[in-house]
Protein chains: 2
Amino acid sequence: MKFNKLLLAAVACGLATGANAQAKPEDQIKFRKAGYAFMSWNMGKIKAQVVDNPSSFNKDQVAAAANLIAATANSGMGALYGPGTEKDAGSQKTRVKAEFFQQPDEVKKLAVAFIKEANELQKVATTGDAAAIKAQFGKTGESCKACHDKFRKDD
Amino acid sequence: MKFNKLLLAAVACGLATGANAQAKPEDQIKFRKAGYAFMSWNMGKIKAQVVDNPSSFNKDQVAAAANLIAATANSGMGALYGPGTEKDAGSQKTRVKAEFFQQPDEVKKLAVAFIKEANELQKVATTGDAAAIKAQFGKTGESCKACHDKFRKDD
C-alpha cells in the first residue's frame, strides 16, 4: 500500500512519526541545535574561502553553503521553542536563556534581521563576487552574534 | 579592523576557526549528524502536512522544508566523512558502517540518487500540488532509506 510504503520510508529515515510543531521538547531542542550546528558548518566553509584562505574560493561551494544558510533561516525554527524547551529535556541540554521566552518581540526583531541578512547572502553568493560575499558574510555573522549575545548562555 | 570584526563574529557564532574539509573528526561527525537530523525535522513537517494530516497543508511551509532538504543534499556532506570519522571520535558517537568507506562508488550512486530526488522535491513543492508533493516525498524518503539500509547501523 502506498501509505504504508511512505510511512515505512519515513520511519526508516528516523523521522518522528507525526513530527510537527508539537514534537516533544527533547526533540525540539535536538532539532534546533542541529539546525544551528549545520548552519555553522556552512558559515565556516564560506569563512574559509573568503576570509581565511581566499585562494581556495570556489563559487559553487560558497553558493551552496549560502543556500543552506538561507534555507535554515527560512525554515521556521521558532516552532522549535515550544513549551518545555526552556530547560534541559531528556538527554538534550539547552543553552537558551529565559529571556528568549520573555521577550518575543525582541526575538522576532533579531530573527527577522537574521533572515534578511541570510537571504541577501544567498543572493550575493550567486554573483561569485568574493569581496561582496565577504562583506555580506560579515553582516550575517553579526546577526547571529546579536541573537547569541542576548539569548544564548555562554556555556 | 574589518578582518578582526569578521573573525569575532565568526567565533561568536561558534564556528570552528578555519572550519573546512579538514575539520577535526569529532566535528565532522557532529556536523553530519546535525545535517541529517535537521533534514529529518523538515521531512517530518512535509509528512505531517501531506501524509498524516492533509488538512494542515501549508504550501509555503512545505516549500521552505523542501528548500532545506535540497540545500542540505547539495551541501557537499561527503567532506564530513574524512579520515578518523569511521569510528567514534571525542564525544561523538557514529553509526556509519565500515562499508561506507570501502564502497565509494556505491555511496556516490546513492548520494547522487538522493540529490536528484531532493532537487525534484524542491521543484514540485513550488507548485503547491499536494498529491504530487506526497508522491515525490515518498521517493525522497526511499532514497534516504536506500542509503541507511546499506551504510548506517541500526543503533
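Tabulated results
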| read-out | value |
| --- | --- |
| Inter-copy label distances at residue A:129 (7 Å, Cα→Cβ; nm, one decimal) | 3.8 |
| Cβ charges +1 (Lys, Arg) and -1 (Asp, Glu), total dipole of the protein assembly as shown, debye | 20 debye |
| Anchor residue A:24: aspartates and glutamates whose Cα lies under 16 Å away (excluding residues fewer than 8 positions away in-chain) | A:86, A:88 |
| Geometric extent, Cα atoms of region B:98-146 - Rg, Dmax (angstrom) | 12.9, 41 |
| Cα-based helix-to-principal-axis angle, A:130-151 vs chain A, degrees rounded to 10 | 40 degrees |
| Trypsin sites (Lys or Arg not before Pro), loop per DSSP, at most 12 other Cβ atoms within 10 Å - longest free stretch of chain B | B:1-86 |
| MRE, 222 nm, helices only [DSSP H, n ≥ 4, -39500 (n - 2.57), over chain A, to nearest 500] | -21000 deg cm²/dmol |
| Theoretical gain in end-to-end length, residue B:24 to residue B:53 [0.36 nm per residue, Cα-Cα removed] | 6.3 nm |
| Principal-axis tilt of helix B:104-125 within chain B, Cα atoms, nearest 10 degrees | 50 degrees |
| Region B:2-151 - charge dipole about Cα centre, Lys and Arg +1 at Cβ, Asp and Glu -1, debye rounded to 20 | 280 debye |
| Overall dimensions of the protein assembly as shown as given by Cα atoms, namely Rg and Dmax in Å | 18.7, 62 |
| nm² value of the averaged projected area, convex hull over the Cα atoms of region B:73-128 | 5.0 nm² |
| Efficiency of FRET between residue B:92 and residue A:120 - r from beta-carbon atoms, R0 25 angstrom, step 0.05 | 0.15 |
| Under 5 Å, built H, 5+ apart or other chain: amide partners of residue B:152 | B:97 |
| P(r) of region B:2-151 over all Cα-Cα pairs, binned every 5 Å from zero, in whole percent | 2, 9, 16, 18, 16, 13, 11, 9, 4, 1, 0 |
| Solvent exposure of chain B as accessible area per residue, Å², 1.4 Å probe | 49 Å² |
| Highest-fluctuation residue, B:49, B:103, B:136 considered, GNM on chain B with Cα pairs under 10 Å | B:103 |
| Sites residue A:105 and residue B:102 - FRET efficiency at Förster radius 45 Å, r taken between beta-carbons, to 0.05 | 0.25 |
| Shortest-first distances to equivalent copies, position residue A:104, nm, label 7 Å out along Cβ | 5.2 |
| Residue among B:55, B:40, B:75 with the largest mean-square fluctuation in a Gaussian network model of chain B, springs linking Cα atoms under 10 Å | B:55 |
| 3J(HN,Hα) from dihedral phi, region B:41-54, Karplus parametrisation 6.51/-1.76/1.60, rounded to Hz, x for glycine, proline | 4, 6, 4, x, 5, 5, 4, 4, 8, 10, 10, 6, 8, x |
| Helix A:2-12 vs. chain A, principal-axis angle (Cα, 0 to 90°, nearest 10) | 70 degrees |
| Inter-copy spacing of residue B:87 label points, which lie 7 Å from Cα along Cα→Cβ, given in nm from shortest upward | 4.0 |
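The values are calculated or read from the model by the stated rules, or taken from the named source; none is laboratory data. Note that the structure is predicted; figures quoted are calculated from it, not measured. Quick reminder, even Gly has a Cβ in these numbers, built from the backbone with ideal geometry, and neighbours come from all protein chains shown. In case anyone asks, the SASA skips ligands and DNA or RNA and just uses the protein heavy atoms, side chains included. Shrake-Rupley method; radii C 1.70, N 1.55, O 1.52, S 1.80 Å.
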